[in-house]
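The values are calculated or read from the model by the stated rules, or taken from the named source; none is laboratory data. Computed from a prediction, not measured in an experiment: that's the story for all the values here. Note that each Cβ is placed from the backbone with ideal geometry, even for glycine, and that neighbours are counted across all protein chains shown.
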Amino acid sequence: MAKNQKKLDDFFKKPHNEEEPEGLKEYYSELKQGIDPTKLTFADRIAGFFKNLVEKVGVYYPGRQKKETSSKPSTFRRKLRIFFKIVAKKFADKFNFEAGVDILDDTSVLYRRNLVNKNILLVTNFVFMVFALIGNQNPNYIVIAGFAITMFAINTTLKRIIHEEPRTLLKQQMAMYIGSIYILFGSFGVYMKLRLSSTKFTIDGIDLLSSMAESDILARSVYAMADASIAHAGYILIYFALVVIALYQDSTLLRILFKWVLVMMTILHIFVMYPLLEHASSIPELYTYLIITNNNVLIDIGLRTLLLIVFYIALYSSVSIGEMMNNRRKEELIKRRDMEKDFKAVVGDVFDVIGVFNSNTINQGKEDAHRVAELASRLASVLGLSSNVCTEIYEYSVIHIDKVNDLSILEYETKEVLNERDYIIIREKTILGSIIIKRLQLNQKSEDIIRAHFEKTVDSEFTERMKRVQRSQEGEVILLAEMYDILRQSRNYKNKLKHKRVIDLLQLEFKEYFEPYILDRFMKYQLEFEAFYDKYKYIG
C-alpha cells in the first residue's frame, strides 16, 4: 500500500487533542458488532459441499457437457437425428400449453388448454381401457363395450365443442367442465370395477380361492396381494384425475370439484373399499366394528382422507400460484402492449416531423448534399483520416437525403402485437432517425451561423451555443464543407459569393467555430476544394 493511502482503521482514529463526535462513536460501535460477510456459516459450508459434489459428478457424466466431435456424422445419422428432433418437437407441441397463444385472449388460452387436456384424455382413455380389461377373470364385455361407447361419445362431444365456430369463452368453459367431470368419474368407475372384481378369483364360475386347501395359504396370499395391488393402481388414477384438472389452472374449478371428490371418496371408502354395511347394520354395531374390533379400518380411512386433503391443498396452492403468475404476466403484457402503441405513435410522429423538417426547412437538394459529402470526404482524407472514416463521413453527410424514406413504419402501425423481429427493425429505424436528426441539426447549425453573421446578430452567447453543438472532429469537417457550400450559393439573406471571398470570410468571420488544424488544412488545399465544388456543381 502506498504511503499516501490510508487503511480503513485510520479513518476512525481519534485526532490528537480532539474528542470523537458521538455519531462517529455509535457508528464505530455498530461496525464492531456487525457480521463479517466473508465468514462461512454451517449452512454455507453444506451448500458449498453440495455444489462441489455436483461439479465433480459432472465429470463422470460427459453427456451433460458439450461433446467434442472428432468426425462429421454420416448423412443417414444426421437425417435420422433431425427426424427424431422434428418428431419430438411435434409431440411436445401436442402438450404445450402456450404454443401460439395470446395470453391476453382468455378464449384462446382456454382453447389451447382444452386441446392439450383432450390429448391427455386420449392417453387416459387408453389407460382406462387397459385397467378395465385387467383384474377381471370373467370380464363382462357388455359393460366394457358400454364404457368404450361412453368414452367415444364424450371425446367426440368435447372435440365438437372445442372446435366449433364461432369459438367463444362459454363453449371453452363448458368443454373444460365436461372434460374434468368425465376424467374424474372415469377414474372412480375404473377403481370401483377393479376393487369389486378383486374380491373373487373365479374361472368358469368356480371360486378358486374358496376351493383351495387350507394349507395352501401362500397361494391365496399371492392372489390376494396381486388383486390388491391392481386395485391400488386404480386408486391412484383418482389422484391423476385431480392433477389433470389442475392443469386448467382454474382454482374455482378445482375448489368446486374437490367438494364432490371428498364426498365421493368418503362413500367409496365406506361402501366399496370397506363395505361396512355388511359388517354392521346399526350404529352400535358400527361403533363396535370400527373402534373396538377393527380400529385399523377407521385409521386407514382417516389417513386416506387426510392424504387427499393434503394433496388438494398442494394442488390448490400450485394452481393459485400459477393463476397469480399468469395475472402478473397479463398485467405486464397489457403494459407492454400500451407501450408498444405509444412507442409506435411517438416514433411515427418523430419520423413525420423529420420528413416535414427535411422537405420544408433544409435548403438542400440531393445534388447539394452529395457535393457537400464529396467536399467533406476529401477534407477528411487530407486530414489523414482512414478510408473507413472518410466513407462514414460521406455517408453521414447524405443520410438525411438518401435514407429519410427508410423511416416509414406504416406496415407496423396496423399490427396489434409486435414480435421480436418487428422490434429489431423499428429499433434500427429509430437509431437511423436519431442519426438523421443529428445530421439535420448540423445542417441547421451551418445555416444559423451564416445567417447570424450576415444579419449582424452574432454575440458571445450565440457563438458559445453554436460551438457546443456536435463539437467533434467529424462534425467540424462536415460543418466546414457545409458552410463553404452555403456561402457559394445564394440565400434570401445574401447573394452567392466567389471562392476567394468565401475563403476570406472563413478565415476572418468563422474561424472560431473550427479547430485551427482543420481550417488550416482546408486553406492549404483550397484550390482543390474549389475544383471539387465547380465540378459537382455543373454535373448536378
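Taking segment 376-395 as the range and being within 20 Å of ILE435 (Cα to Cα) and in contact (Cβ under 8 Å) with a residue 60 or more places away in the chain as the test, the residues that pass are ALA376, ALA380, VAL389, GLU392, ILE393. Can we say ASP485 is among the acidic types (Asp, Glu), over 51 Å from the mean Cα position of the chain (by Cα) and either part of a helix (DSSP H, G or I) or closer than 24 Å to ARG521 by Cα (or both)? Here the answer is yes, as ASP485 does meet what is asked.
One residue stands out in segment 237-261 among those that are hydroxyl-bearing (Ser, Thr, Tyr) and touching a residue at least 40 places away in the same chain (Cβ under 8 Å): the one that is surrounded by the most Cβ atoms within 10 Å (Cβ to Cβ), namely TYR248. Residues in segment 348-363 that are modelled with pLDDT under 65 and either assigned to a loop (DSSP other than H, G, I, E, B) or of a type in the set (A, V, I, L, M) (or both): VAL353, ILE354, VAL356, THR361, ILE362, ASN363.
Would you confirm whether any residue within segment 229-236 is surrounded by fewer than 13 Cβ atoms within 10 Å (Cβ to Cβ) and under 30 Å from MET324 (Cα atoms)? Among the residues of segment 229-236, at least one is surrounded by fewer than 13 Cβ atoms within 10 Å (Cβ to Cβ) and under 30 Å from MET324 (Cα atoms), which makes the answer yes. Answer yes or no as to whether LYS496 is part of a helix (DSSP H, G or I) and either modelled with pLDDT under 90 or surrounded by fewer than 13 Cβ atoms within 10 Å (Cβ to Cβ) (or both). Spelling it out, it is not the case that LYS496 is part of a helix (DSSP H, G or I) and either modelled with pLDDT under 90 or surrounded by fewer than 13 Cβ atoms within 10 Å (Cβ to Cβ) (or both).
Cβ-Cβ distances below 8 Å connect the following pairs, each with a first residue in segment 99-110 that is among the small types (Gly, Ala, Ser), a second residue that is at pLDDT 75 or above, and a separation of six or more residues or different chains: ALA99/ARG112; GLY100/ARG112. Contact annotation: residue pairs with Cβ atoms under 8 Å, 6 or more positions apart or on different chains, pairing a residue in segment 479-491 that is farther than 13 Å from ASN443 by Cβ with a partner that is of a type in the set (Ser, Thr, Tyr), are TYR484/TYR533; ARG488/TYR533. Scanning segment 468-482 for residues that are of a type in the set (A, V, I, L, M, F, W, C) and assigned to a helix (DSSP H, G or I) gives VAL477, ILE478, LEU479, LEU480, ALA481.
Scan segment 500-511 and tell me whether some residue there is among the aromatic types (Phe, Trp, Tyr), farther than 17 Å from ALA452 by Cβ and outside any helix (DSSP H, G or I). Talk me through it step by step, then tell me what you get.
Step one: filter segment 500-511 for residues among the aromatic types (Phe, Trp, Tyr), giving 510.
Imposing the further condition that a residue be farther than 17 Å from ALA452 by Cβ reduces the set to none.
No, that holds for no residue.
Please give the helices (runs of 4 or more DSSP H) falling wholly within segment 371-467 in which 3 or more residues are of a type in the set (A, V, I, L, M, F, W, C) and more than 41 Å from the chain's Cα centre (by Cα).
Working: elements: 387-402, 410-413, 420-454, 460-467.
Result: 420-454.
Pairs, please: C-beta under 8 Å, at least 6 apart or cross-chain, first residue within 16 Å of LYS467 (Cα to Cα) and free of Cβ contacts under 8 Å to residues at least 24 places away in the same chain and in segment 427-454, second in a helix (DSSP H, G or I) and of a type in the set (Phe, Trp, Tyr)? Here the result reads ALA452/PHE462, each pair linking segment 427-454 to a residue that is in a helix (DSSP H, G or I) and of a type in the set (Phe, Trp, Tyr).
For segment 512-540, a residue qualifies if it is among the β-branched types (Val, Ile, Thr) and modelled with pLDDT of 90 or more, and exactly one does: ILE518.
Across segment 306-334, the number of residues qualifying as surrounded by 14 or more Cβ atoms within 10 Å (Cβ to Cβ) and of a type in the set (Val, Ile, Thr) comes to 1.
One residue alone among GLU464, GLU509, GLU455 is of a type in the set (D, E, K, R) and surrounded by 14 or more Cβ atoms within 10 Å (Cβ to Cβ), and that residue is GLU509. Do the conditions hold for LEU110, that is, is it surrounded by 12 or more Cβ atoms within 10 Å (Cβ to Cβ), at pLDDT 75 or above and of a type outside the set (Val, Ile, Thr)? Yes.
In the set LEU290, LEU262, LEU286, only one residue is in a helix (DSSP H, G or I) and at pLDDT 85 or above; that residue is LEU262.
Taking GLU476 as the residue in question, decide whether it is touching a residue at least 12 places away in the same chain (Cβ under 8 Å), under 30 Å from LEU385 (Cβ atoms) and touching a His at 6+ places or on another chain (Cβ under 9 Å).
Values: touching a residue at least 12 places away in the same chain (Cβ under 8 Å): yes; under 30 Å from LEU385 (Cβ atoms): yes; touching a His at 6+ places or on another chain (Cβ under 9 Å): no.
Against the criterion (touching a residue at least 12 places away in the same chain (Cβ under 8 Å), under 30 Å from LEU385 (Cβ atoms) and touching a His at 6+ places or on another chain (Cβ under 9 Å)), GLU476 does not qualify.
From the list TYR248, TYR235, pick out the single residue that is under 26 Å from ASN125 (Cβ atoms) and not in a helix (DSSP H, G or I).
Numbers: TYR235 fails: not in a helix (DSSP H, G or I).
Criteria check complete, one pass: TYR248.
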